[in-house]
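> Here it is, the structure in full.
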Amino acid sequence: MQGLGAVRGCREQAAPPAGELFEKLSQATLTELRSMMHVVSYPAGSVLFSEKDMPELVYVVLEGEVKLSINSSEGKRLILRIAKKGEIVGIASALSGNSYDMTAETQYASKLAPIGRRDFLNFLLRHPDAYQTLTEELSRQYTMACDQLRSVVLSTSAPEKLARLLLDWSENGQRTEFGMRFRFSLTHGEIGEFIGASRETVTRTLSIFKSRRLISFHGSTLTIPNRTALERYARP
């Protein structure tokens, strides 16, 4: 498995993990967690684990992004979400002991802290506050996955699905005088895997949005000048 191979490479001590998840932990819990974390650099496209692999590791995302997806028996892929800095990937399978129910792949060159499953479970036994916090995180991730599936299955058109996706991504963007701005470097094929549409459909829909001044591109940055206008497309 590619993720395991990368773990054997050069490591460095992790800085204190940042993010809302870790802010909920006590100082003693955070200190011990940090002692278990060693930074490993992964190139873009590294598969950390695949569906049906048995859980051996969880991954703390320190820098970069991890794409989480599921695949059909026909080979079609649906991207559920992107895990970002401050998240832990692989929690559910680590807790249950069942095989991973999704595939995790680095979207960009990323720095992660892999932690062995047994070490992670023992850590949770010693720190009930971490167990409670991670249970809440699992609930949040489940809700996000349900929202994504609901959007793909119940939305009736590609413009509606794509508008919702862009609006969701913009919520964590930067507010500027030109509108909400955020990093946007996925391929049209990958966007299609988010919304259950073909690459050609995504290309055509983005072109329509751009021609109607609903979005604008500047390199790998996308700006939404007027959220209200784009929200009209997101309504069924």
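The values are calculated or read from the model by the stated rules, or taken from the named source; none is laboratory data. Since this is a predicted model, take the numbers as computed values, not measurements. Glycine gets a Cβ as well: all are built from the backbone with ideal geometry, and neighbour counts include every protein chain shown. Heavy atoms of the whole protein, side chains included, go into the accessibility calculation; ligands, DNA and RNA do not. Shrake-Rupley method; radii C 1.70, N 1.55, O 1.52, S 1.80 Å.
> So which pairs qualify, if the first residue must be in segment 41-55 and closer than 25 Å to residue 73 by Cβ, the second must be among the hydroxyl-bearing types (Ser, Thr, Tyr) and open to solvent by 60 Å² or more (accessible area, probe 1.4 Å), the Cβ gap must be under 9 Å, and the two must be at least 6 apart or on different chains?
Here the result reads 55/96, each pair linking segment 41-55 to a residue that is among the hydroxyl-bearing types (Ser, Thr, Tyr) and open to solvent by 60 Å² or more (accessible area, probe 1.4 Å).
> For segment 31-52, which residues satisfy the criterion of being over 17 Å from the mean Cα position of the chain (by Cα), surrounded by fewer than 18 Cβ atoms within 10 Å (Cβ to Cβ) and not in a strand (DSSP E or B)?
Across segment 31-52, the qualifying residues are 31, 32, 34, 35, 36, 52.
> For segment 193-216, indicate whether the set of residues that are of a type in the set (S, T, N, Q), farther than 26 Å from residue 76 by Cβ, under 16 Å from the mean Cα position of the chain (by Cα) and not in a helix (DSSP H, G or I) is non-empty.
no
> Here's something else I'd like to know. Report, ordered by the first and then the second residue, all pairs with beta carbons closer than 7 Å, sequence separation of six or more or different chains, a first member in segment 91-104 that is under 15 Å from residue 81 (Cα atoms), and a second member that is among the polar types (S, T, N, Q).
Filtered contacts from segment 91-104: 101/93; 102/69; 103/50; 103/69; 103/71.
> Taking interchain pairs and intrachain pairs at least six residues apart, which have beta carbon atoms under 7 angstrom, with the first residue in segment 166-178 and within 21 Å of residue 192 (Cβ to Cβ) and the second β-branched (Val, Ile, Thr)?
Listed by first residue and then by second, the contacts come to 166/215; 166/224; 170/224.
> Would you point out which residue out of 199, 181, 204, 212 is within 19 Å of residue 231 (Cβ to Cβ) and surrounded by fewer than 16 Cβ atoms within 10 Å (Cβ to Cβ)?
Criteria check complete, one pass: 212.
> Taking segment 193-217 as the search range and keeping residues that are in contact (Cβ under 8 Å) with a residue 60 or more places away in the chain and not acidic (Asp, Glu), which one is nearest to residue 68 (Cα to Cα)?
194
> So which of 190, 231 is surrounded by 15 or more Cβ atoms within 10 Å (Cβ to Cβ) and closer than 29 Å to residue 70 by Cβ?
190
> Separate question: Just to be sure I understand, how many residues within segment 59-118 are more than 17 Å from residue 134 (Cβ to Cβ), out of contact with any Lys or Arg (no Cβ under 6 Å at 6 or more places or on another chain) and among the hydroxyl-bearing types (Ser, Thr, Tyr)?
Result for segment 59-118: 6.
> So if I check each of 59, 142, which one is closer than 22 Å to residue 24 by Cα and open to solvent by 20 Å² or more (accessible area, probe 1.4 Å)?
142
> Quick one: which of 75, 116, 90, 97 is open to solvent by less than 20 Å² (accessible area, probe 1.4 Å) and either within 21 Å of residue 186 (Cα to Cα) or of a type outside the set (Ser, Thr, Tyr) (or both)?
Just one listed residue meets the conditions, 90.
> Considering segment 162-179 alone, what residues qualify as being closer than 20 Å to residue 148 by Cβ and outside any loop (DSSP other than H, G, I, E, B)?
Of everything in segment 162-179, those that are closer than 20 Å to residue 148 by Cβ and outside any loop (DSSP other than H, G, I, E, B) turn out to be 162, 163, 164, 165, 166, 167, 168, 169, 170.
> So residue 73 clears everything in (1) touching a residue at least 24 places away in the same chain (Cβ under 8 Å); (2) assigned to a loop (DSSP other than H, G, I, E, B) except one condition, right? Which one?
(1)
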